[in-house]
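Everything below concerns the one structure shown next.
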Amino acid sequence: MSATVQITFDAHDPRALSLFWREVLGYVHPGPPGVDLAPGADPLVAWDEFLAASGVPEAQRNSASALEDPEGAGPRLFFQQVPEDKVAKNRLHLDVRTAPELRGDERMAALEARSAQLIALGATRLERHQPEAPMSIGFLVMADPEGNEFCLD
């Protein structure tokens, strides 16, 4: 039996960081436990209502957030609030498979286009690595709004 994986992000603002990664990956916020969401209902509104009804103080309502793959294939992402800043390069990063089937100029143009979309959402572009046959088909190094590095691959 294989194990499943949850990827956990330390964050100052779990909700905002989860909103960014939701757009990057096309994931969804799950609803609160025991709450059946109506089609089209906003799960974050449901969470706000759930936490208020559960007596969670307003100052603690942004202590965590989560995302799930709507198709159930990818890992769950969990965002937990921490007080400390990120102080060094992360030792683990995500490769966001943006254009795996493309090569050369077409690939790099697709990566640049996606990079521009993510910069508009708060990402930062850090580096561009040109294709170097036979070992690399090219990629962009990015950082999310809280400085966590990832690659558009």
Inside the stretch 12-27, can you point out the residues that are surrounded by 15 or more Cβ atoms within 10 Å (Cβ to Cβ), within 25 Å of R97 (Cβ to Cβ) and either among the basic types (K, R) or free of Cβ contacts under 8 Å to residues at least 60 places away in the same chain (or both)? L19, R22, Y27
With the structure loaded, tell me whether N62 is touching a Lys or Arg at 6+ places or on another chain (Cβ under 9 Å) and within 24 Å of D144 (Cβ to Cβ) or whether it fails that test. yes
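Anything in the stretch 119-142 that is among the aliphatic types (A, V, I, L, M), out of contact with any Lys or Arg (no Cβ under 8 Å at 6 or more places or on another chain) and either part of a strand (DSSP E or B) or crowded, with 18+ Cβ neighbours inside 10 Å (or both)? List them, or say none.
Of everything in the stretch 119-142, those that are among the aliphatic types (A, V, I, L, M), out of contact with any Lys or Arg (no Cβ under 8 Å at 6 or more places or on another chain) and either part of a strand (DSSP E or B) or crowded, with 18+ Cβ neighbours inside 10 Å (or both) turn out to be A123, L126.
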Are any of the residues in the stretch 39-53 small (G, A, S) and touching a strand residue (DSSP E or B) at 6+ places or on another chain (Cβ under 6 Å)? no
Scan the stretch 19-35 for residues that are within 20 Å of E71 (Cβ to Cβ) and not in a helix (DSSP H, G or I) and jot them down. G26, Y27, V28, H29, P30, G31
Within the stretch 1-11, how many residues are touching a residue at least 12 places away in the same chain (Cβ under 8 Å), open to solvent by 60 Å² or more (accessible area, probe 1.4 Å) and not charged (D, E, K, R)? 4
Can you list the strands (runs of 3 or more DSSP E) found entirely within the stretch 42-109 that contain at least 3 residues being surrounded by 12 or more Cβ atoms within 10 Å (Cβ to Cβ) and in contact (Cβ under 8 Å) with a residue 60 or more places away in the chain? 76-81
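The values are calculated or read from the model by the stated rules, or taken from the named source; none is laboratory data. What you see is a predicted model; the values in this text were computed from it and never measured. Here Cβ is always computed from backbone atoms with ideal geometry, including for glycine, and neighbour counts include all displayed protein chains. For the accessible areas, the whole protein counts, side chains as well, though only heavy atoms, and no ligand, DNA or RNA atoms are used. Shrake-Rupley method; radii C 1.70, N 1.55, O 1.52, S 1.80 Å.
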